[in-house]
Structures are given as structure tokens and as C-alpha cells.
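Working notes for the structure below.
The values are calculated or read from the model by the stated rules, or taken from the named source; none is laboratory data. Because the structure is a prediction, the values reported are computed rather than measured. Note that each Cβ is placed from the backbone with ideal geometry, even for glycine, and that neighbours are counted across all protein chains shown.
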């Protein structure tokens, strides 16, 4: 049994909540919004016998508050450099040398920026399905599709915005900003949502966090993702330390396609991981084994 320790780290402009468990070489887990450190609980538990696992809530998440109001952030979204600097500050506080890093979804974009700008911090990075839409031939179409998500949020609120966000993320057809995603396969409808009135307090607390995290994602992180292009020149210089991951069950979805495009640009071959875009949460045990093999591959 590996107990979980929690703490916070003060960084410029925010305080980062993090969780630490296990023993061995340090492995930093970076979540993509609206997920936070909590979504890695199962995976971290599977890895804690092999690594000292650190998962943190990105700045602006419910447990990692900003020093000031979010409306002071740039209109173009929270800069990627600020996000990766947060990971750099955390590693500087916890590690004596290069460490292992796993970034998933938007967290993979942060990990890529981290290794490009702070290569001395990273021994190996596993970047699982980074949604680098601008690497795709139809990147402009995907930009328009996710701009439609942002417009829906500003017009109709968090719920409709997140429904459209999830549907666009898992879509396997060509991007279409005018497509009505309501009722897309896999999207919960109001009549099918579970009754949470009897849920345990920790479940309700997690749901409240996801609600707050979702609003911050749509307002301040999605604009950054829409316009972001990874630093390919910088990444090529450290390509031997980057493992690009794709989900076995997410073929055709934008993050999967973007990961394949990234691997091609870096001259490497993408590695398949169990499950889909959320495989780290839905298949924690086999996903952990795949992460371990990727980090320790010769």
C-alpha cells in the first residue's frame, strides 16, 4: 500500500496542488483539462511500486488557484509556455536531475513544450495523443470546429460547450464546424444523467471540481490549444527522448491523427497504448505496463 501525500507549490501567479506516492525514479503525470490529478489515481496506483509518481492540477484548476481573477488572463488563452514552466517549477522542487514524464491529451502538449524548452528536466517523455490539430493537413478545419466549441460555450454555457467539445474530440469524420453534435454517439442526454443526490461526498466534490475545471478549459485553455503548434525544431533535437502514444481504440479521432502526424514529423513511430483517448483512466493496469515499457525501452 502506497499512501498518497498531498502538498502545494507556489509558482509565479498561482499555487499548484500535487499528489505524490510510491518510490523509485520520479515520474510526473500531466493531465489534460478538464481532468486533474484525480483522474490519474488508478494509473498512479499501478505505477507506484516502480516509480515515485507525482500528479498535479494545472494552474486555474479548482485546487490550483490563480493569484488573481481569471479575467486578467490574455484573450488568446493561458500561454503554453506558462503551463510548461509550471511543470518545470514542480520538477525543480522535487527532482535532482532528469525525470520521466507522461502527458495525456492537453497534458501531452504541455510535456512537449517542457522537453523542447527545458530538455535538461526530461529523461523520457511519453506524449499520449497530444491534440496538435495544426499538424494536420485539415488543421484549419479542426481550428474552425473547436472555435465553434468556444462560441457555443460563450453563447450557451459550460454544459453545451463541453458536450460539443467532447463530440468534436471523438469525431472520426472530417471536421465540420457547422455540424450539430447534440446527440452524438456516446454523449449523455439530460434524461439519462444519473441521480447524484445520494452520491458520497468525495464523488460530489470531484464533480464540482470537473465543473469548475471545464469552465476554465473552455474559457482559457481551449483558445491556446486551437492556435498552438509544437516547436518541431526543438523537439527534433530531443526526439530520441520522446515516445508518441496513440490509443488502440481511438483511430480516426483528431488527437490520434495528430499524434501520428507528430511522430512522422519527428522521424519516429507512434506506440500503441490500451484503450482510447482516455485509456490511462479506463485501462489503468495495462496502460501502466505500457508506460513502463515505453520509459525503459532501450
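Taking (1) touching a strand residue (DSSP E or B) at 6+ places or on another chain (Cβ under 7 Å); (2) outside any helix (DSSP H, G or I); (3) surrounded by fewer than 20 Cβ atoms within 10 Å (Cβ to Cβ) in turn, residue 76 satisfies each apart from (1). Annotation: residue 45 fulfils all but one of (1) more than 24 Å from residue 207 (Cβ to Cβ); (2) at pLDDT 95 or above; (3) surrounded by fewer than 23 Cβ atoms within 10 Å (Cβ to Cβ); the unmet one is (1).
Any idea which residue in the stretch 237-253 is farthest from residue 43 (Cα to Cα), counting only those that are out of contact with any helix residue (DSSP H, G or I) (no Cβ under 6 Å at 6 or more places or on another chain) and outside any loop (DSSP other than H, G, I, E, B)? My answer is 240. Residues in the stretch 84-105 that are in contact (Cβ under 8 Å) with a residue 60 or more places away in the chain and either under 12 Å from residue 125 (Cβ atoms) or in contact with a helix residue (DSSP H, G or I) (Cβ under 6 Å, 6 or more places away or on another chain) (or both): 91, 99, 100, 101, 102, 103, 104. A single member of 174, 180 is more than 17 Å from residue 32 (Cβ to Cβ), modelled with pLDDT under 90 and touching a helix residue (DSSP H, G or I) at 6+ places or on another chain (Cβ under 8 Å), and it is 174.
Does residue 233 satisfy being part of a helix (DSSP H, G or I) and touching a strand residue (DSSP E or B) at 6+ places or on another chain (Cβ under 6 Å)? Considered against the rule, which asks whether it is part of a helix (DSSP H, G or I) and touching a strand residue (DSSP E or B) at 6+ places or on another chain (Cβ under 6 Å), residue 233 comes out as no.
Note on the stretch 242-262: residues that are crowded, with 21+ Cβ neighbours inside 10 Å, in contact with a strand residue (DSSP E or B) (Cβ under 7 Å, 6 or more places away or on another chain) and under 25 Å from residue 176 (Cα atoms) total 5. Only one of the listed residues (116, 127) is farther than 19 Å from residue 167 by Cβ, assigned by TED's automatic domain parsing to the domain that holds residue 11, in contact with a helix residue (DSSP H, G or I) (Cβ under 7 Å, 6 or more places away or on another chain) and not in a strand (DSSP E or B). That residue is 116.
The set of residues in the stretch 254-276 that are in a loop (DSSP other than H, G, I, E, B) and closer than 19 Å to residue 230 by Cα comprises 267, 268, 269, 270. Under the condition of being touching a helix residue (DSSP H, G or I) at 6+ places or on another chain (Cβ under 9 Å) and closer than 11 Å to residue 128 by Cβ, which residue from the stretch 277-298 is surrounded by the fewest Cβ atoms within 10 Å (Cβ to Cβ)? Checking each candidate, the answer is 278.
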